Amino acid sequence: MAIRIAIVEDEHRTAETLQSYLTRFSQENGAQFHIRVFSSAVMLLEHYSTDYDLIYMDIQMPGLNGMEAARRLRTLDQKVLLVFVTSLTQYAIAGYGVSALDYIVKPVNYYDFALKLTRALRRVDGARENALTISTQAGMTRVELDDITYIEVQNHQLTYHTAEGTYAQYGTMATLETQLASKGFARCNSCYLVNLQHVREIQGYTLILTDGAELKISQPKKKAFTALAAAYFAGRQKE
């Protein structure tokens, strides 16, 4: 899956440089990037979707500057990696207050850029291991696996239940079950795939989750589900 990158830069030459560096890095390292360029921070925020992996943000921009834009961005997305681009390092240091990963000093040097991009991509890989990107009618959104309590399927529509609300997309439970089997998820019946870390207790054929939700455990699934839950919690106690 391509890494989704946004470049927020009002200087056309710098934006072109960053794009060319990403293209060069892609060719040299076999990485796949989907790049979108915004000439202002306002444009990014107005069209923002939480499926971006990495954002290069110029600090000194007319109107809404990069630092204020980053503060607003964090109200929309706490997880996206943010790298500031600036000619003044003292501004970049303030970026750690908005959880910026790094900063790049203009004029941008390719080898410094590539070194920091490599570091960022390691973080992206780690984040993707513990999150799902969901395609909904409202657009793409990234959901942390830890935040999912359970996933429900009905008429080929998957509904992801989280503390923040629900997200729906079309798909198959069998594919999702295979994808999440090693992530601590298990089927308690044909309709529900449960995040075992959110299991509070099992009462007969009723599963009670940490948010108070109650799900039915089917007779065919009970033995296997109970065994998986027991093994999961035994493993957690050893950590």
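Taking residues in segment 21-47 that are closer than 17 Å to Lys116 by Cβ, and partners anywhere that are small (Gly, Ala, Ser) and in a helix (DSSP H, G or I), the pairs with Cβ atoms closer than 6 Å and at least 6 places apart or on different chains are Phe25/Ala114; Phe33/Ser26.
Taking (1) modelled with pLDDT of 95 or more; (2) surrounded by 17 or more Cβ atoms within 10 Å (Cβ to Cβ); (3) not acidic (Asp, Glu) in turn, Tyr52 satisfies each apart from (1). There is no residue in segment 140-161 that is among the basic types (Lys, Arg) and free of Cβ contacts under 8 Å to residues at least 60 places away in the same chain. Among the residues making up segment 169-219, a single one is farther than 19 Å from Leu158 by Cβ and touching a Phe, Trp or Tyr at 6+ places or on another chain (Cβ under 6 Å): Ile217. Scanning segment 119-142 for residues that are at pLDDT 90 or above, over 13 Å from the mean Cα position of the chain (by Cα), of a type outside the set (D, E, K, R) and open to solvent by 30 Å² or more (accessible area, probe 1.4 Å) turns up nothing. Consider segment 129-139 and keep the residues that are free of Cβ contacts under 8 Å to residues at least 60 places away in the same chain and out of contact with any Lys or Arg (no Cβ under 9 Å at 6 or more places or on another chain). The one that is nearest to Ser49 (Cα to Cα) is Ala138. Please specify each residue of segment 151-192 satisfying the condition of being aliphatic (A, V, I, L, M), under 21 Å from Lys221 (Cα atoms) and loosely packed, with under 15 Cβ neighbours inside 10 Å. If the condition is that a residue be aliphatic (A, V, I, L, M), under 21 Å from Lys221 (Cα atoms) and loosely packed, with under 15 Cβ neighbours inside 10 Å, then Ala174, Ala181 are the ones that fit. All of Ala213, Ala229 fail the test of being closer than 27 Å to Ser135 by Cβ and small (Gly, Ala, Ser), apart from Ala213.
Scanning segment 82-110 for residues that are at pLDDT 85 or above and surrounded by 14 or more Cβ atoms within 10 Å (Cβ to Cβ) yields Leu82, Val83, Phe84, Val85, Thr86, Leu101, Asp102, Tyr103, Ile104, Val105, Lys106, Val108.
In summary, Lys79 fulfils each of the numbered conditions (1) open to solvent by 60 Å² or more (accessible area, probe 1.4 Å); (2) in a helix (DSSP H, G or I) with the single exception of condition (2). For segment 15-22, check the following and say yes or no: at least one residue is farther than 30 Å from Ile134 by Cα, part of a loop (DSSP other than H, G, I, E, B) and over 19 Å from the mean Cα position of the chain (by Cα). Taking every residue of segment 15-22 in turn, none turns out to be farther than 30 Å from Ile134 by Cα, part of a loop (DSSP other than H, G, I, E, B) and over 19 Å from the mean Cα position of the chain (by Cα). Residue count for segment 48-65, restricted to those that are outside any loop (DSSP other than H, G, I, E, B) and closer than 20 Å to Arg123 by Cβ: 4.
The values are calculated or read from the model by the stated rules, or taken from the named source; none is laboratory data. From a predicted model like this one, the values you see are computed outputs, not experimental measurements. Don't worry about glycine lacking a Cβ; one is built from the backbone with ideal geometry, like all the others, and counts go over all protein chains shown. For accessibility, only protein heavy atoms count, side chains too; no ligands or nucleic acids. Shrake-Rupley method; radii C 1.70, N 1.55, O 1.52, S 1.80 Å.
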